[in-house]
Amino acid sequence: MRKILLAASAVALFLVFNACKKSGSNQPSNARTVQNFSGTYTITALTANLSGISIDLYDSLPPCERDNVIQLDTNLTAHFIDAGTPCVPPSDSTGTWSLSQNTDTIYVAGSASFIKTWDGKTLVLNNAETISGFPVIATTTLTKK
């Protein structure tokens, strides 16, 4: 009888702990929402694709730009912070950002970028440009701190 009571108590405690919900949003962290995109990012990769040729642009960025921070606030304000090694002159600025209605495009400081992937921490954006008549796709990878 004692073993049955102990087993029943253990099962009851298990059910109580599993029934409790954590407070907060029920949306997964990779849902494409203003709240989930809000945060502080650094650029971790920057490439351009021209006629099937991929060019690493991140390595050509000056060191004072590689450590910059992009902060997206929930009030749709964007801060571009010249962090780490400062550029001369510093490149701090503020702008706005928004999400398209169907959440496939993010607009930062007036520039539209197609959201290629978003896993809740890494945001990969594509921008299509035409340079000297040639189509170029720039891919920017932002990592959330």
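Which pairs have Cβ atoms under 8 Å, sit 6 or more apart or on different chains, and link a residue in region 20-43 that is closer than 17 Å to residue 76 by Cβ and surrounded by 11 or more Cβ atoms within 10 Å (Cβ to Cβ) to one that is among the small types (Gly, Ala, Ser) and at pLDDT 80 or above?
Filtered contacts from region 20-43: 36/29; 36/120.
Could you list, in sequence order, the residues of region 103-145 that are surrounded by 11 or more Cβ atoms within 10 Å (Cβ to Cβ), of a type in the set (Gly, Ala, Ser) and part of a loop (DSSP other than H, G, I, E, B)?
109, 120
Can you name every residue in region 34-60 that is assigned to a strand (DSSP E or B) and closer than 20 Å to residue 80 by Cβ?
Of everything in region 34-60, those that are assigned to a strand (DSSP E or B) and closer than 20 Å to residue 80 by Cβ turn out to be 39, 40, 41, 42, 43, 44, 45, 46.
Please list, ordered by first then second residue, the pairs with beta carbon atoms under 6 Å, 6 or more apart or interchain, first in region 110-135 and in contact (Cβ under 8 Å) with a residue 40 or more places away in the chain, second among the acidic types (Asp, Glu).
115/104
As an exercise: evaluate residue 41 against (1) at pLDDT below 95; (2) touching a Leu at 6+ places or on another chain (Cβ under 7 Å) and give the number of the one condition it does not meet.
Failed condition: (1).
Within the bounds of region 58-65, is there any residue that is modelled with pLDDT of 95 or more and either farther than 22 Å from residue 129 by Cα or of a type in the set (A, V, I, L, M, F, W, C) (or both)?
Looking for residues that are modelled with pLDDT of 95 or more and either farther than 22 Å from residue 129 by Cα or of a type in the set (A, V, I, L, M, F, W, C) (or both), one finds none in region 58-65, hence no.
If I go through region 59-75 residue by residue, how many of them are exposed (fewer than 15 other Cβ atoms within 10 Å of the Cβ) and not charged (D, E, K, R)?
Summing the residues that are exposed (fewer than 15 other Cβ atoms within 10 Å of the Cβ) and not charged (D, E, K, R) in region 59-75 gives 6.
Would it be correct to say that residue 113 is closer than 22 Å to residue 31 by Cα and of a type outside the set (Val, Ile, Thr)?
yes
If you scan region 98-115, which residues turn out to be under 13 Å from residue 32 (Cβ atoms) and aromatic (Phe, Trp, Tyr)?
Of everything in region 98-115, just one residue is under 13 Å from residue 32 (Cβ atoms) and aromatic (Phe, Trp, Tyr), namely 114.
Filter region 56-81 down to residues that are more than 17 Å from residue 99 (Cβ to Cβ) and either in contact with a Phe, Trp or Tyr (Cβ under 9 Å, 6 or more places away or on another chain) or in contact (Cβ under 8 Å) with a residue 60 or more places away in the chain (or both), then give me how many there are.
4
The values are calculated or read from the model by the stated rules, or taken from the named source; none is laboratory data. This structure is a prediction, so every number in the text was calculated from the model and none was measured. Every residue, glycine among them, receives a Cβ derived from its backbone with ideal geometry; neighbour counts consider all protein chains shown.
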